[in-house]
Each structure stands twice: as C-alpha cells, then as structure tokens.
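Report on the following structure.
The values are calculated or read from the model by the stated rules, or taken from the named source; none is laboratory data. Since the structure is predicted, the reported quantities are computational estimates derived from the model, not experimental observations. Backbone-built Cβ (ideal geometry, glycine too); neighbour counts: all protein chains shown.
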Amino acid sequence: MKEAKALFQKLKIVSLLDLALILPTSYKNTTLSSEIIIGKVNTFEAKVEEVSNINGKLRITFWLPKFHKRLSSMLFRVTPYHYHLFTIGSKHFIQGRVEKYKGFLQMNQPKSLKQIGEIIPKYSTPLKADVMRSLIECYINKNNLYAEGLNKHEVKTILGLHYPKKIEDIQHYDQDILKFVEAFNHIKKLRGKRKDFPAIEALNGELHSFINKLPFKLTKEQQSVIYEIQQDLKDKNRATKRLIIGDVGSGKTMVILASAVMAYPSKSILMAPTSLLALQLYEEAKKYLPKYIKTALVMQSSSEGEYLNADFIVGTHALLFKDDLPKASLIMVDEQHRFGTKQRALLEAMMAKERKKPHYLQFSATPIPRTQAMMQSELIDVSLITSTPFEKDITSRIISKEEFPELLEHIKEEIAKEHQVLIVYPLVEESQEIPYQSLDEGRGFWEKRFKNVYVTHGKDKNKEEVLQEFRDRGNILLATTVVEVGISLPRLTLIVIVGAERLGLATLHQLRGRVGRLGLKSYCYLFTNDKDNKRLQSFIQTMSGFEIAKLDLMFRKSGDILDGTIQSGIQFKWLNLAEDEHIVKVAKERVKILYGAFPNAPL
C-alpha cells in the first residue's frame with residue numbers, strides 16, 4: 001500500500017507486529033448456530049410460516065428446520081420493505097438475540113442476512129473500517145509473520161484472531177502467546193533504537209590494591225557489577241552505556257569509586273543532582289580513593305580542589321557550564337532520573353571526540369522489576385544490586401490518630417538516645433482537599449515540644465544547608481518528600497510518613513531507606529486514615545526494593561520504557577511485568593538468537 005506510512009503514523013505504530021497486535025475489538029459472526037443459546041445472538045436458517053400486523057408492528061412466526069422448532073419475532077419499526085421481505089413461505093438466514101417467553105422461543109428485530117458462514121472482525125481505530133481491513137489484509141499474512149520471527153503456534157494464533165474460520169479461533173486462544181508476541185515486539189524495537197559508538201579509549205586502571213585496602217569487604221553483587229564495568233571499560237571499540245540500579249543502601253558509592261580507579265590514569269567525571277549529594281560523594285572519594293588520584297569538587301556555590309588538574313571530578317550540573325572542563329574518558333551520572341535527557345546528553349557531548357564517545361555509567365536508587373530491567377537492557381546495559389552490605393533492622397508499622405500518644409513517646413525515646421527523627425508531610429501549606437495537616441500547620445506542635453527542630457521542603461532555596469545542619473545538630477526534621485533520595489543521615493532511626501497511602505510504594509521505600517543507614521535499630525511509621533489499605537499492608541511485609549517495584553506494578557498498570565524513562569508512554573495490553581518474567585526471558589532469548597545485535601528494522 002502506497003499510503004501505508006501515513007496510516008501507520010495515524011495508528012501510532014512503527015513495526016509490523018504493532019499492526020498484528022491491533023486485534024479486533026468484536027466480530028460479526030454470520031456462521032449458522034449449531035445450538036440454540038438463550039440470551040445470546042444466534043444465526044438460523046428459517047422459513048416464514050405466519051405474518052400478522054398488530055397495531056403497526058409486524059409479528060412473524062418462523063420455522064427452524066434444523067431444530068424442528070418454531071420461533072416468533074416482532075418488528076417494531078416496520079417499513080414496506082419488511083412486508084415485501086418477510087412473505088409467507090420465504091426462506092431466510094436470520095440473526096438476533098434469542099429469549100424464551102412462556103416456553104416459546106422469541107427473537108425480536110431479526111436481521112435477514114444476505115451472506116452467511118463468515119466471522120467478520122471489527123476494529124476500533126482512527127481509520128475507517130474498510131481502510132483498516134485493507135491494511136490488515138495487505139500486511140498480516142503467514143509469510144510476513146514468519147519473517148518477523150514468530151513460530152507456527154504464534155502465527156496461527158495471530159491469523160486466527162484476524163481471519164477466524166471458526167468461532168473457537170476467537171474463544172479459545174492462548175493469551176500467553178499474545179503476551180509473548182507483545183514482549184518480543186517490544187524488545188526488538190528497543191534493540192533497534194540502540195546506537196553504539198567507539199570509545200575514546202580503553203580503560204585498564206589497576207583495581208586490585210584499591211579493593212584490598214578497603215576497611216570492609218564488598219558484597220558479591222558489588223564485586224559482580226564492578227567486574228561487568230571492568231569488562232566494559234576495556235573495550236575501545238564500544239563506549240559502554242550501562243545503568244546500575246541499586247536498592248537503597250546497597251553500596252553504589254563503592255561501585256562509583258571503583259570505576260574512577262579503573263579509569264585512572266585517564267580522567268573521570270561524576271555528576272550528582274544536588275550539592276549535598278555531590279559533597280557527600282566527594283567526601284567519600286577523599287576518604288577511600290588512593291591518594292595518587294587527585295579529586296576535585298565543582299558546584300555553583302563553592303568548589304574544592306583544582307579541577308583542571310584533577311583525575312576524578314565530582315560536581316553538580318554546574319559542570320555543564322565550565323568551558324574549560326578537562327576531557328574525561330569516563331563520565332558517570334548519579335540519580336540519573338533527576339536530570340533531564342538533554343543535561344545527561346550534554347555532558348556526554350562535551351567529552352566526545354568526533355565519533356568517539358566517553359564510557360558512560362548511570363546510577364539509580366529506584367529499583368525496577370527484573371522483567372523491566374531485562375527489557376531495558378536491550379537499549380542500555382543494566383546491572384542490578386539487590387543486596388545490602390548489612391541487613392537493616394527496620395520495623396514498619398501502619399498507624400492512625402489513636403496511636404499518636406504512643407508515637408510521641410517513641411520519638412522522645414529515640415531523641416534521648418541521640419538518634420534523629422524525620423516526619424514527612426504530604427504538602428507544605430494547608431489544603432481543603434487533603435485530610436492531613438500540612439508542614440506549616442504541624443511545625444508549631446513540634447517546635448513547642450522539642451529542641452533542634454528543622455524544617456525544609458522542595459521550594460526551600462536553603463534546603464541543602466538545612467539538611468546539612470540537621471545532619472550535624474538536629475533532633476527532628478520536618479520535610480516533604482524532598483528527602484526521598486540520597487542524603488546519608490547516620491543517626492536517623494525513626495521516620496513518620498503522614499498520609500502514606502497517597503504516595504507510590506517506590507517513594508515510600510526510598511523514604512524508609514533514609515533510616516538505619518549504619519545498621520541501628522530503626523522504625524518506619526505509615527500514618528494514615530486508611531489502616532486497611534492493601535498497598536500499605538503489602539509494603540510493610542518486605543524490605544526489598546525490587547519486590548516493592550513488583551508490587552507497585554501489581555497495584556497499577558505497567559509503563560513503557562522505550563523513551564528511556566521507566567514509567568511513561570503506552571501501556572502493555574496483555575503482558576504483566578509483575579508476573580510474566582519467564583515470558584520476557586524467552587522473548588529476549590528469541591531476539592538474541594534470531595537477530596544478534598541487529599533485529600529487523602521497523603517498517
């Protein structure tokens with residue numbers, strides 16, 4: 001079809017399997033019924049026995065020769081055409097809903113069909129029915145589906161739904177096949193979007209002595225991810241693009257520092273989303289990196305060290321505005337989702353040399369289900385760190401107003417031990433729509449009863465200074481979800497999340513991850529007016545961020561990751577990323593076997 005490209009754009013599809021997966025929403029079935037099903041649409045061969053007019057309505061008695069039964073019909077909107085059509089003795093193929101009244105069969109408003117024996121698909125799309133049908137007939141055939149990499153069972157199922165020969169084709173198909181085709185198509189498209197470039201250089205920095213001198217032992221997963229990165233950095237023909245996703249407190253900082261060691265004597269740069277995180281990472285680098293690796297900090301407000309001569313540069317987005325930033329062969333971005341795509345691409349472009357690109361590592365503390373990680377690894381290499389260097393001892397509880405006196409006593413006990421408390425409010429100012437106190441409304445209560453109470457929120461220009469001061473001197477921090485990611489508060493042992501049911505499980509997990517950073521016995525209280533909330537009850541049963549990401553998917557529809565983000569775009573219609581890990585795994589293997597690095601290009 002010459003105009004196919006414009007039609008594909010109208011349907012918002014890019015591959016042949018996208019088209020194959022636009023399945024009919026209903027069918028017009030004109031095959032003769034093999035049995036009489038009361039309450040359903042039936043199709044019969046029938047002969048008119050009697051016709052009568054009752055108050056402008058046409059009553060017809062049909063004889064059904066196949067079933068040796070009579071059936072009465074009433075036509076309410078009668079035209080001369082109906083009198084001409086339904087004459088005594090005339091034979092018809094009639095279709096309509098069959099009911100039973102006082103033991104007699106009835107079919108009101110029967111249609112007389114000109115043709116029978118077909119099951120005609122109906123599609124709900126922006127295209128006209130005949131145009132959509134032509135498009136399907138042009139592209140969805142056995143040869144094209146085999147060419148896309150489907151096997152005979154998958155081809156048979158898809159063709160059976162678009163061109164059903166019998167009613168069983170649309171009633172008894174295997175839904176797992178549709179899940180597989182959806183996953184297979186998605187993975188092919190992701191791999192088709194990946195573009196690899198040669199690296200500026202191979203990086204072979206000596207790592208052994210750095211790891212041996214650490215005052216603690218790295219976890220097996222930390223070691224495994226570092227090994228994967230080591231193999232990446234050695235390749236000068238392909239600049240790595242790897243996303244490292246680590247659960248809260250899984251030790252991503254050590255992976256970052258190990259990567260800087262492997263880059264040496266070449267330069268490496270790490271960009272963090274906030275000054276506080278940049279400063280924290282810089283302090284860790286100064287503490288653990290070998291002394292021969294010169295480290296510098298670049299921020300808008302203040303900087304440390306000579307970044308022009310540094311081997312490892314840590315900074316915020318202020319790095320993007322340094323015209324004299326030295327060229328680095330490895331760039332890293334921490335909490336990558338908090339930067340815009342353009343900001344991340346700009347840092348990469350600043351380091352590129354013609355077609356050669358720096359090795360590029362991204363880090364995230366937002367766990368995703370393994371199924372999603374498996375898919376995203378077609379677009380970018382993905383490593384998961386699911387374990388932590390030590391087991392956190394956090395008790396999670398759902399509480400409401402009745403337990404507030406008990407909570408207050410517990411807060412006093414923690415402060416007496418020189419521990420810290422975090423109370424997260426749902427919003428800054430009072431709102432009629434939310435049945436909880438705001439930060440502004442609640443602060444008076446805490447400031448009257450406790451010393452060293454600090455307050456901050458997302459729009460607070462001094463929030464990083466407040467967090468820094470609280471870390472050193474505070475007892476209670478009142479905040480919004482601004483504290484969700486990153487900051488290390490070693491003495492924090494108790495968190496109260498007000499209106500917890502309003503937040504996603506991933507956000508709750510990040511907030512809970514603020515406590516117990518050094519293994520102290522800690523507590524997470526979910527304060528809610530909805531104590532029977534199933535999501536919250538599921539949340540308190542597990543500490544695994546990856547398990548919580550799976551639960552999150554079960555409580556809401558999963559999203560598309562084609563555009564590089566994790567939860568946006570089109571929805572999967574059949575595939576359930578929370579439950580269909582095996583199907584995704586098989587689809588991924590099929591793509592790898594069939595296409596290697598280069599799957600069929602989209603249409």
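Check the stretch 129-142 and report whether any residue there is farther than 23 Å from ASN42 by Cβ, touching a residue at least 24 places away in the same chain (Cβ under 8 Å), in a loop (DSSP other than H, G, I, E, B) and out of contact with any strand residue (DSSP E or B) (no Cβ under 6 Å at 6 or more places or on another chain). Yes; the residues of the stretch 129-142 include at least one that is farther than 23 Å from ASN42 by Cβ, touching a residue at least 24 places away in the same chain (Cβ under 8 Å), in a loop (DSSP other than H, G, I, E, B) and out of contact with any strand residue (DSSP E or B) (no Cβ under 6 Å at 6 or more places or on another chain). Taking the condition β-branched (Val, Ile, Thr) and part of a loop (DSSP other than H, G, I, E, B), does ILE116 pass? The answer is yes for ILE116. When SER301, SER250, SER259 are screened for being surrounded by fewer than 21 Cβ atoms within 10 Å (Cβ to Cβ), of a type in the set (S, T, N, Q) and either under 22 Å from LEU489 (Cβ atoms) or touching a strand residue (DSSP E or B) at 6+ places or on another chain (Cβ under 8 Å) (or both), only SER301 passes. Of the strands (runs of 3 or more DSSP E) lying entirely inside the stretch 1-79, those containing at least 2 residues that are surrounded by 14 or more Cβ atoms within 10 Å (Cβ to Cβ) and in the same structural domain as ILE94 (by TED's automatic domain parsing) span 41-54, 57-64, 69-75. Of all residues in the stretch 306-345 being of a type in the set (S, T, N, Q) and within 30 Å of the chain's Cα centre (by Cα), which is modelled with the lowest pLDDT? My answer is GLN336.
Of the residues making up the stretch 267-284, those that are under 18 Å from LEU207 (Cβ atoms) and buried (at least 21 other Cβ atoms within 10 Å of the Cβ) number 3. Please verify whether the stretch 538-559 includes one or more residues that are aromatic (Phe, Trp, Tyr), outside the structural domain of GLU501 (by TED's automatic domain parsing) and at pLDDT 90 or above. Checked the stretch 538-559: no residue is aromatic (Phe, Trp, Tyr), outside the structural domain of GLU501 (by TED's automatic domain parsing) and at pLDDT 90 or above. Kindly provide the set of residues from the stretch 414-436 that are in contact with a strand residue (DSSP E or B) (Cβ under 9 Å, 6 or more places away or on another chain) and surrounded by fewer than 17 Cβ atoms within 10 Å (Cβ to Cβ), ordered by number. Matches in the stretch 414-436: LYS417 only.
Residue-level check: of (1) in contact with an Asp or Glu (Cβ under 8 Å, 6 or more places away or on another chain); (2) β-branched (Val, Ile, Thr); (3) without any contact (Cβ under 8 Å) to a residue 60 or more places away in the chain, ILE226 misses just (1).
To keep it simple, each residue is scored yes or no on (1) at pLDDT below 95; (2) among the polar types (S, T, N, Q); (3) over 21 Å from LYS165 (Cα atoms); (4) touching a strand residue (DSSP E or B) at 6+ places or on another chain (Cβ under 9 Å).
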{"residue": "SER15", "(1), (2), (3), (4)": "yes, yes, yes, no"}
{"residue": "TYR27", "(1), (2), (3), (4)": "yes, no, no, yes"}
{"residue": "VAL48", "(1), (2), (3), (4)": "no, no, yes, yes"}
{"residue": "LEU64", "(1), (2), (3), (4)": "no, no, yes, yes"}
{"residue": "PHE76", "(1), (2), (3), (4)": "yes, no, yes, yes"}
{"residue": "SER90", "(1), (2), (3), (4)": "no, yes, yes, yes"}
{"residue": "LEU105", "(1), (2), (3), (4)": "no, no, yes, yes"}
{"residue": "GLN109", "(1), (2), (3), (4)": "yes, yes, yes, yes"}
{"residue": "LYS114", "(1), (2), (3), (4)": "yes, no, no, yes"}
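Report yes if SER387 is of a type in the set (S, T, N, Q), under 20 Å from PHE572 (Cβ atoms) and surrounded by fewer than 20 Cβ atoms within 10 Å (Cβ to Cβ), otherwise no. No. Among the residues of the stretch 358-372, is any in the same structural domain as VAL261 (by TED's automatic domain parsing) and surrounded by fewer than 19 Cβ atoms within 10 Å (Cβ to Cβ)? There is at least one residue in the stretch 358-372 that is in the same structural domain as VAL261 (by TED's automatic domain parsing) and surrounded by fewer than 19 Cβ atoms within 10 Å (Cβ to Cβ).
Looking at ALA239, ALA199, just one residue is over 29 Å from the mean Cα position of the chain (by Cα) and of a type in the set (A, V, I, L, M, F, W, C), and that residue is ALA199. Selection over the stretch 181-204 of residues that are more than 20 Å from LEU379 (Cβ to Cβ) and surrounded by 21 or more Cβ atoms within 10 Å (Cβ to Cβ) gives a count of 2.
May I ask you to verify whether SER124 is of a type in the set (Gly, Ala, Ser) and touching a residue at least 60 places away in the same chain (Cβ under 8 Å)?
When the stated conditions are applied, SER124 passes them.
Per the listing ALA349, ALA345, the residue uniquely closer than 28 Å to GLN510 by Cα and exposed (fewer than 15 other Cβ atoms within 10 Å of the Cβ) is ALA345. Could we say that ILE119 is out of contact with any Pro (no Cβ under 6 Å at 6 or more places or on another chain), among the hydrophobic types (A, V, I, L, M, F, W, C) and under 24 Å from ILE167 (Cβ atoms) here? The answer is no for ILE119.
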